[in-house]
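*Asks:* One structure follows; several queries about it will come next.
The values are calculated or read from the model by the stated rules, or taken from the named source; none is laboratory data. Since the structure is predicted, the reported quantities are computational estimates derived from the model, not experimental observations. Quick reminder, even Gly has a Cβ in these numbers, built from the backbone with ideal geometry, and neighbours come from all protein chains shown.
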Amino acid sequence: MQSEIRDEIEDLFDHPPAAYHEDHFMLFARLKEALNTGAVRAAEPDSSSKTGWRVNPWVKKGILLGFRIGGIVDMSVDATRQPFFDKATWPVKRMTVSSGVRIVPGGSSIRDGCFIGKSVTCMPPMYINAGAWVGDGTMVDSHALVGSCAQIGKNCHISAAAQIGGVLEPVGAMPVIIEDEVLVGGNCGVYEGTVVKRRAVLGSGVILTRSTPVYDVARGVVLSAQGDDPLVIPEGAVVVAGSRAITSGKGKEWGVSLYTPVIVKYRDEKTDSRVQLEDLLR
């Protein structure tokens, strides 16, 4: 079934017709259902890959198709008090008590076409975009964003105001990956296809991008993205926001330093005891 829908989506994306018909909308609905149930993912684990993940560009093409074929409609419950005008193909995700997800009231929104695992907790206001995957037991805290196609593992905590960037285009680019049991601290930003391996801890205010090197003082190495590969934060790394001095020119003369993420240690019993409290909130 997956290969059939993949081929149809690839063909429709690469050869857009003069007008879209019912069978095109039905094809997109099949993709959305597969995304909702987790049968397909924008990126998925792959033990043969250097990063442990592989991208599924055809899934991203299907998500983009939804924007291409949908018209803007009024989906407001009350257009005066809470207007909602968006693509007809991308309503909010339908959930029930049987979904096993806590959605605390207060302005949160989850777009259709994403997988939300059992016992996920959504604290208001937060937003999860199309194509995302959020594993069982994860908490998405207030003012947090899980961007389009981002992959969040099991039992993670995406803390208040954290931004997990979306990577929808180009279709072959790796989306942001947060593996199992990762703690993303408040006001963190993870962007540009970064992969954060399991059980890592990102301290408050850490910003990770492909263009920013990470100084691992615990192991004496500098981590950076090479070629088209993403930046990879190692398993169990504890990352904090740091700085490095400019060593030449006016920057040195003025005593200017640049922001940089720093791995200060790797997760230990002391770290585990500090993050154990998160389990009480689920």
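*Asks:* Out of the residues in region 78-114 meeting the condition of being small (Gly, Ala, Ser) and assigned to a loop (DSSP other than H, G, I, E, B), tell me which one is farthest from VAL146 (Cα to Cα). Give the steps one after another, and end with the answer.
*Replies:* Quick first cut of region 78-114, residues small (Gly, Ala, Ser) only: 79, 88, 98-100, 106-109, 113.
Next, only the ones that are assigned to a loop (DSSP other than H, G, I, E, B) stay: 79, 88, 100, 106-108, 113.
Working: ALA79: 26, ALA88: 21, GLY100: 19, GLY106: 17, GLY107: 15, SER108: 12, GLY113: 13 Å.
Among those residues, the one meeting the criterion is ALA79.
Residues are listed down the side, and each one gets a yes or a no for (1) free of Cβ contacts under 8 Å to residues at least 12 places away in the same chain; (2) over 30 Å from ASP229 (Cβ atoms); (3) part of a loop (DSSP other than H, G, I, E, B); (4) among the aliphatic types (A, V, I, L, M):
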| residue | (1), (2), (3), (4) |
| --- | --- |
| PHE13 | no, no, no, no |
| PHE28 | no, yes, no, no |
| LEU31 | no, no, no, yes |
| PHE67 | no, no, no, no |
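*Asks:* Scan region 119-132 residue by residue and report those that are in contact with a strand residue (DSSP E or B) (Cβ under 7 Å, 6 or more places away or on another chain), surrounded by fewer than 23 Cβ atoms within 10 Å (Cβ to Cβ) and in contact (Cβ under 8 Å) with a residue 40 or more places away in the chain.
*Replies:* Hit for region 119-132 is THR121, nothing else.
*Asks:* Every residue in region 190-206 that is touching a residue at least 40 places away in the same chain (Cβ under 8 Å) and either surrounded by fewer than 18 Cβ atoms within 10 Å (Cβ to Cβ) or assigned to a loop (DSSP other than H, G, I, E, B) (or both), please.
*Replies:* If the condition is that a residue be touching a residue at least 40 places away in the same chain (Cβ under 8 Å) and either surrounded by fewer than 18 Cβ atoms within 10 Å (Cβ to Cβ) or assigned to a loop (DSSP other than H, G, I, E, B) (or both), then LYS197, ARG198, ARG199, ALA200, SER204, VAL206 are the ones that fit.
*Asks:* Among (1) out of contact with any helix residue (DSSP H, G or I) (no Cβ under 6 Å at 6 or more places or on another chain); (2) surrounded by 14 or more Cβ atoms within 10 Å (Cβ to Cβ); (3) of a type in the set (Gly, Ala, Ser); (4) under 29 Å from THR194 (Cβ atoms), where does GLY66 come up short?
*Replies:* (1)
*Asks:* Output the residue which, of all residues in region 133-157 that are under 11 Å from the mean Cα position of the chain (by Cα) and in contact (Cβ under 8 Å) with a residue 60 or more places away in the chain, is farthest from GLU192 (Cα to Cα).
*Replies:* Step by step, filter region 133-157, then rank; the result is TRP133.
*Asks:* Would you mind stating whether VAL206 is within 19 Å of the chain's Cα centre (by Cα), among the aliphatic types (A, V, I, L, M), within 27 Å of ALA42 (Cβ to Cβ) and in the same structural domain as GLU179 (by TED's automatic domain parsing)? Steps first, please.
*Replies:* Numbers: within 19 Å of the chain's Cα centre (by Cα): yes; among the aliphatic types (A, V, I, L, M): yes; within 27 Å of ALA42 (Cβ to Cβ): yes; in the same structural domain as GLU179 (by TED's automatic domain parsing): yes.
Taking the combined requirement at face value, the residue satisfies it.
*Asks:* If you don't mind, another one. Modelled with pLDDT under 95, within 27 Å of GLU192 (Cα to Cα), acidic (Asp, Glu) and surrounded by 11 or more Cβ atoms within 10 Å (Cβ to Cβ): which single residue out of ASP216, ASP229 fits that description?
*Replies:* Values: ASP216 fails: modelled with pLDDT under 95.
Of the residues listed, the single one that is modelled with pLDDT under 95, within 27 Å of GLU192 (Cα to Cα), acidic (Asp, Glu) and surrounded by 11 or more Cβ atoms within 10 Å (Cβ to Cβ) is ASP229.
*Asks:* Of a type in the set (Val, Ile, Thr), outside the structural domain of ASP229 (by TED's automatic domain parsing) and either touching a residue at least 24 places away in the same chain (Cβ under 8 Å) or more than 22 Å from GLU10 (Cα to Cα) (or both), is that true of THR51?
*Replies:* Working: of a type in the set (Val, Ile, Thr): yes; outside the structural domain of ASP229 (by TED's automatic domain parsing): yes; either touching a residue at least 24 places away in the same chain (Cβ under 8 Å) or more than 22 Å from GLU10 (Cα to Cα) (or both): yes.
So THR51 passes the test.
*Asks:* What number of residues within region 209-233 are within 16 Å of the chain's Cα centre (by Cα) and in a loop (DSSP other than H, G, I, E, B)? Before the answer, list the steps.
*Replies:* Residues of region 209-233 that are within 16 Å of the chain's Cα centre (by Cα), as a first pass: 209-210, 230-233.
This time we only want the ones that are in a loop (DSSP other than H, G, I, E, B), so: 209-210, 230-231.
Number of matching residues: 4.
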